[in-house]
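S.K.: Have a look at this one before I ask anything.
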């Protein structure tokens, strides 16, 4: 495990914006209601055969292993309030792999299966970026696929 911080981090209003340039990922973490800081890091993406053989989601591009953490008592998934926003650049290759921009999906690996970002995550693609909000998060890998 090789935890790494964002390539750059800056204050934007009442939030901290973390940019992972190599992955084309921007994470915006608002000041938290409980006063604790959200630590935003990445880890190496480890792909297992199980991740590639799921029937309902086929990862075509592993984006990153995003880690959001803050001091929390006894939970491996911290509650993040207000929620963090993640923006991931959608590439031309993502479009081709999915059969068009309207078919691009993003998902995260959780408890042995892919969970597709959907309505509850506020998932949308806008201006070339896929965007979702995260209120509970551990350290799952994120991927794009059809």
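The values are calculated or read from the model by the stated rules, or taken from the named source; none is laboratory data. Every value quoted in this text rests on a predicted model; they were computed, and no experiment measured them. For neighbour counting, all protein chains shown are included, and Cβ atoms are generated from backbone atoms with ideal geometry for every residue, glycine included.
S.K.: Check residue 41 against each of (1) exposed (fewer than 11 other Cβ atoms within 10 Å of the Cβ); (2) closer than 26 Å to residue 119 by Cα and name the one condition it does not meet.
M.R.: (1)
S.K.: Also, I was wondering about something else. Residues of the stretch 62-84 being surrounded by fewer than 16 Cβ atoms within 10 Å (Cβ to Cβ) and at pLDDT 85 or above, which ones?
M.R.: Correct list: 81, 82.
S.K.: Then there's this: Looking only at the stretch 115-146, which residues are modelled with pLDDT of 90 or more and touching a helix residue (DSSP H, G or I) at 6+ places or on another chain (Cβ under 8 Å)?
M.R.: 125, 132, 133, listed by residue number.
S.K.: Taking the stated definitions as given, is residue 28 over 23 Å from residue 124 (Cα atoms), in contact (Cβ under 8 Å) with a residue 24 or more places away in the chain and either surrounded by 15 or more Cβ atoms within 10 Å (Cβ to Cβ) or over 15 Å from the mean Cα position of the chain (by Cα) (or both)?
M.R.: So residue 28 does not fit the description; no.
S.K.: Scan the stretch 101-144 for residues that are more than 19 Å from residue 30 (Cα to Cα), out of contact with any strand residue (DSSP E or B) (no Cβ under 6 Å at 6 or more places or on another chain) and in contact (Cβ under 8 Å) with a residue 60 or more places away in the chain and jot them down.
M.R.: Selection gives 112 alone.
S.K.: Would you call residue 94 exposed (fewer than 14 other Cβ atoms within 10 Å of the Cβ) and at pLDDT 90 or above?
M.R.: Taking the combined requirement at face value, the residue does not satisfy it.
S.K.: Same structure again: From 47, 53, grab the single residue that is surrounded by 12 or more Cβ atoms within 10 Å (Cβ to Cβ), over 15 Å from the mean Cα position of the chain (by Cα) and over 12 Å from residue 86 (Cα atoms).
M.R.: Of 47, 53, the one residue that is surrounded by 12 or more Cβ atoms within 10 Å (Cβ to Cβ), over 15 Å from the mean Cα position of the chain (by Cα) and over 12 Å from residue 86 (Cα atoms) is 47.
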